[in-house]
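The values are calculated or read from the model by the stated rules, or taken from the named source; none is laboratory data. Just so we're clear, the structure is a prediction, and the values are computed from it rather than from any experiment. Because the Cβ atoms are built from the backbone with ideal geometry, glycine has one as well, and the counts that use them run over all protein chains shown.
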Amino acid sequence: MPTPNERGAPPDPKWWLIPQPAGPGAQISLPEPFFERYRRPTRYDPGPALKSAVNVALLLGQPLLLTGEPGSGKTSLAYWLAYQMGLEEPLVHVVKSVTTGRDLLYTFDELARFRDAQGGPKAARPQQDYLELSALGLAILFSAGAGGALSRTSASRATDAGAARRHSDLFPGAFPKARRQVVLIDELDKAPRDTPNDLLSEIERMEFRIPELGVVVRGDPNYRPVVVITSNADKNLPEALLRRCVYHHIPIPDEARRREVVALQEPKLLERQDLFDDAMATLDSLHDKIGRDGRRPGTAEMLAWLDTIEAIYPSGSKSLRENPGALGVTLKTLAKTPEDLALMVRILKLDPAQFGFE
């Protein structure tokens, strides 16, 4: 494969939004990813209603179930809460369409164990080597510390050579001292319907079984994890789960709330007051006029849009209308379907044929 130098100099990059390489062969330096710029928990403000829900969940010792549009700040709440409580960053499990209740606690590599068994005694490893604990399982394990004893099930043989006997046997490396964790179970609505019910008893009892090892892991209730569950409300969750959670829905922010969020996050566009004011007024207009015909942009999309405007519009720009083509390009951060983009273009009276940077 030819190197960049062998391919020759790149074409004149008038369309680039990123700084150009300093010289021939120099590497392009990309900016910090958007999701890293706005994930600092010190700049997240849940607002009074969500703070109240957090307090109720902590008082009752129940999971906090959050719903809301994508980008509304559900995931960020877990990081903010861990920071506020002086805890380590959350243990995170992103749910998939095939996730089971067991997967939220641990996975066991049966295929690897079978493969090793075919290799004879020399290939055999302790059974716990095939185990990987997931977020909730780790939180329960960590709550009792490295010295926590594993109970044997009646079907297991306590004399098995190399059998796991203490919590530290299930976690390779440096085992943390007994501690509480925030656990984020993200997008639970993606899982099969029975999955939510499977995790409730483990959270309440602070224990779970690992039949493959013949052990029961028991945590310390004094360090019960704080569980945050998010759902995009794509489908209804089971009643049994809803009854045993504290529920809060994060609404799409109104005009005043949007400005509060922006002030706290401090995007660079704030330094260009005229252009920032025009951008926020344009966003307010979109929110007002989209109605039921399309999807209103969320908080994360708003911040991404402001960053894009700051990068595209040259210094001295005071209005988005100074470059309608560039304005149309920035809408790609707000509209996530062709229909929504067409609707925004109609609302703003733009000409899609003129979209571009030049």
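Some observations on this one:
- On inspection, Lys51 does not qualify as assigned to a loop (DSSP other than H, G, I, E, B) and of a type outside the set (Ser, Thr, Tyr).
- Residue pairs whose Cβ atoms lie under 6 Å apart, sitting 6 or more positions apart in sequence or on different chains, and linking a residue in the range 209-224 that is in contact (Cβ under 8 Å) with a residue 12 or more places away in the chain to a partner that is surrounded by fewer than 23 Cβ atoms within 10 Å (Cβ to Cβ) and among the β-branched types (Val, Ile, Thr), are Arg209/Val216; Gly214/Thr153.
- Residues that are over 15 Å from Arg224 (Cα atoms) and surrounded by 15 or more Cβ atoms within 10 Å (Cβ to Cβ), drawn from the range 55-69: Leu65, Leu66, Thr67, Gly68, Glu69
- The residue of the range 98-154 that is modelled with the highest pLDDT, among those that are part of a loop (DSSP other than H, G, I, E, B) and hydroxyl-bearing (Ser, Thr, Tyr), is Ser134.
- Matching entry among Leu188, Leu184, Leu199 (being buried (at least 21 other Cβ atoms within 10 Å of the Cβ), modelled with pLDDT under 90 and under 27 Å from Val94 (Cβ atoms)): Leu199
- Single unsatisfied condition, Leu237 versus (1) in contact with a Leu (Cβ under 8 Å, 6 or more places away or on another chain); (2) modelled with pLDDT of 90 or more; (3) among the aliphatic types (A, V, I, L, M): (2)
- Near pairs, Cβ below 7 angstrom, 6+ apart or cross-chain, from the range 60-84 (closer than 11 Å to Pro41 by Cα) to any residue that is in a helix (DSSP H, G or I) and of a type outside the set (Val, Ile, Thr): Leu77/Leu50; Tyr79/Pro41; Trp80/Pro41; Tyr83/Pro41
- Positions within the range 23-48 being of a type outside the set (Val, Ile, Thr), surrounded by fewer than 12 Cβ atoms within 10 Å (Cβ to Cβ) and more than 15 Å from Glu301 (Cα to Cα), in sequence order: Gly23, Pro24, Gly25, Ala26, Gln27, Ser29, Leu30, Glu32, Pro48
- Candidate set from the range 207-246 (those that are buried (at least 20 other Cβ atoms within 10 Å of the Cβ) and among the small types (Gly, Ala, Ser)); member that is farthest from Ala146 (Cα to Cα): Ser231
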